[in-house]
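One structure below.
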């Protein structure tokens, strides 16, 4: 190809063979890469023949140089430098083992190498200036250490031609030279030279021949062979261990002023007259009469212990059982024993024979007043007084047997006199011929032959409220007569009877903390009445509810929930034909005692439900029976929603009375009366009835037919539910929706009382 000289301008770069060579738009040149990150980015081996000048050189891999010349310094962040040799001063190199070696010129004409730290051989953790192996003195370590002040520690064998100075360690080899210093360690080899210092042996020392002209001090023990010990001076020993088998033929004329703390096993020791210890035998005296005195030289008894202050006698065993036996010569049973630790550190007083164990007070008849006391640590638990009273839990018993606290008697108890019980009696009681009974407070049947009780009886009650109080307990009887001594059945009551709760067909009254479950409970049985009547209170406040467990009754008869869970959720009203209905309606006297407003039947002839709505005359009229869907005058009675209206009295004083009018309906069913403050509220049909009732006392019930619809006495913020609902109406000459009230302030101060009536409209 011909030579071409021409300039080319590539605006967006140039690329050869994809990633072989590229110059990108940013002016970056890449060889071996299409994505250069530097001005020149070479991926692969590069060869440069000639001089390469660079401000900074970064090599991430292995670089091989024949020769490197650096003007100032080389910095390598990481990696390895390998070279055949290093030339120059390496004193500035760090983290090298040679870094602590210092070349020192002490002025002797030559330089020395000095280690600034400890030097270790065969160890990476030298603890002394120069150390070979492990640190001496550390458990499990063996080695030699030399510190900077000349001390040498070695755990192995030290061999030397001579030793100068103190030898404090153990020497197990032979010492043939002279020792001029003190040897405080053990010498197990032979000493053939002279020992000019003191020999203080605290362990076992063995000598073939020992000749001592001065003082011999043996700290712990000394053993000599058959040659014996030849001492020309005074022999002093801290202790002597081993048998003394030789005879002492001379007299011991000196005093033994020290303490003899070891044992003397001499066989028979004979003192012709007496043996005295202490001045005049004041510490110990043994007489040839067989008497022994401790603290006295004149024992009056076989053994006499006498001290000016506290005196004690101690019998102690390091293990086993210490005993003190007192008895007669002969068999083992003729002994009394004081014994300790026979059973888990227990202290026993034992009579091995068949006689008594006596605790005797004032045997000398000194008219003493002492008692026998049983004490735990410093607390007295039981006392038997000198006059024969036993107290448990009390230090001054007032009776022959007096217990303070709870007592349990599992067997029979006989009481010859009166029995007084201040608390609750529980369990089984049998009191001779007067009372033969099994009394069970929780279960079983209690039987009595005869019981005469002068005071009240409380069962499970410490404070009976009446003569017989079963409030916190239960009782089972075969037959009970109340007001009669001859019950003809299981229960016969002559007179009034009042019950908080009665269970029929059950022994358990069902309770629930969240609901009232009723005082009469019949379980799995049928309740029937024959020629009888069920009547409720004359104030018409009683109600009947079915399926209303836990709910508040809202009417005289509340059946709203009766069908939810019942197998037969039906309510049946009287059923009869028109003929039977008419005959019963017009029967003689029936108008005054039977048929009245609101009577409901099912007419089987007409196949409808009928209600009796009289027209105002005094005679019963069969024409007053109408279908329940038909109303008075032929109009239609629609279902109404519940409503409420309020009225306020304004500020009235405590105990003051004011009249109030609230708009409701001409005729209404009154459900609830709500007040903002404590008040006495009375609802009337007309103002005349309210005026006539103004003087009636709060404790007096209104007269029937007096025009009083309802009245309540309530506290502050109380809503009084009227169940069953009360039907009220306006009795003005021209009926209106006005409802007339009387409100009495029952607070202790002035109050503006708001009264709210909750009702359902019954008349258009």
Counting only residues in segment 676-685 that are more than 8 Å from residue 712 (Cβ to Cβ) and assigned to a strand (DSSP E or B), the one farthest from the chain's Cα centre (by Cα) is identified as 684
Quiz item: Out of all the residues in segment 654-677, is one or more touching a residue at least 12 places away in the same chain (Cβ under 8 Å), over 26 Å from residue 762 (Cα atoms), crowded, with 18+ Cβ neighbours inside 10 Å and in the same structural domain as residue 732 (by TED's automatic domain parsing)?
Solution: yes
Residues in segment 392-436 that are modelled with pLDDT of 85 or more and outside any loop (DSSP other than H, G, I, E, B) total 4
When residue 651 is run through (1) assigned to a loop (DSSP other than H, G, I, E, B); (2) over 19 Å from residue 739 (Cβ atoms); (3) touching a residue at least 60 places away in the same chain (Cβ under 8 Å), the failure sits at (1)
Of the residues in segment 699-742, those that are assigned to a loop (DSSP other than H, G, I, E, B) and under 57 Å from the mean Cα position of the chain (by Cα) come to 699, 715, 716, 717, 718
Filtering segment 277-294 down to residues that are at pLDDT 85 or above and under 23 Å from residue 338 (Cβ atoms) yields 291, 292, 293, 294
Hey, does segment 468-487 have a residue that's in a loop (DSSP other than H, G, I, E, B) and under 18 Å from residue 546 (Cα atoms)? no
*Inspect all residues belonging to segment 285-306 and state whether any of them is assigned to a loop (DSSP other than H, G, I, E, B) and either within 57 Å of the chain's Cα centre (by Cα) or closer than 30 Å to residue 385 by Cβ (or both).*
yes
Considering only segment 739-757, I want to know if a residue exists there that is modelled with pLDDT under 90 and under 21 Å from residue 649 (Cβ atoms).
no
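Per-residue answers, yes or no, for (1) at pLDDT 85 or above; (2) out of contact with any helix residue (DSSP H, G or I) (no Cβ under 7 Å at 6 or more places or on another chain); (3) not in a strand (DSSP E or B):
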{"residue": "103", "(1), (2), (3)": "no, yes, no"}
{"residue": "108", "(1), (2), (3)": "no, yes, yes"}
{"residue": "137", "(1), (2), (3)": "no, yes, yes"}
{"residue": "153", "(1), (2), (3)": "yes, yes, no"}
{"residue": "159", "(1), (2), (3)": "no, yes, yes"}
{"residue": "162", "(1), (2), (3)": "no, yes, yes"}
{"residue": "165", "(1), (2), (3)": "no, yes, yes"}
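Quick grid of which residues meet (1) touching a residue at least 24 places away in the same chain (Cβ under 8 Å); (2) surrounded by fewer than 18 Cβ atoms within 10 Å (Cβ to Cβ); (3) in contact with a strand residue (DSSP E or B) (Cβ under 7 Å, 6 or more places away or on another chain):
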site: 108; (1), (2), (3): no, yes, no
site: 114; (1), (2), (3): no, yes, yes
site: 131; (1), (2), (3): no, no, yes
site: 139; (1), (2), (3): no, yes, no
Would you check if there is a residue in segment 726-734 being without any contact (Cβ under 8 Å) to a residue 24 or more places away in the chain, touching a helix residue (DSSP H, G or I) at 6+ places or on another chain (Cβ under 7 Å) and assigned by TED's automatic domain parsing to the domain that holds residue 659? no
Filter segment 491-510 for residues that are under 30 Å from residue 546 (Cα atoms) and exposed (fewer than 10 other Cβ atoms within 10 Å of the Cβ); the one that is modelled with the highest pLDDT is 496
Counting only residues that are exposed (fewer than 11 other Cβ atoms within 10 Å of the Cβ) and either modelled with pLDDT of 75 or more or not in a loop (DSSP other than H, G, I, E, B) (or both), segment 597-631 contains a total of 4
Within segment 346-377, the count of residues that are modelled with pLDDT of 85 or more, part of a loop (DSSP other than H, G, I, E, B) and closer than 24 Å to residue 316 by Cβ comes to 2
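The values are calculated or read from the model by the stated rules, or taken from the named source; none is laboratory data. All figures in this text were calculated on a predicted structure; none of them were measured in a lab. Methodologically, a virtual Cβ is constructed for each residue, glycine included, from the backbone with ideal geometry; neighbour enumeration extends over all protein chains shown.
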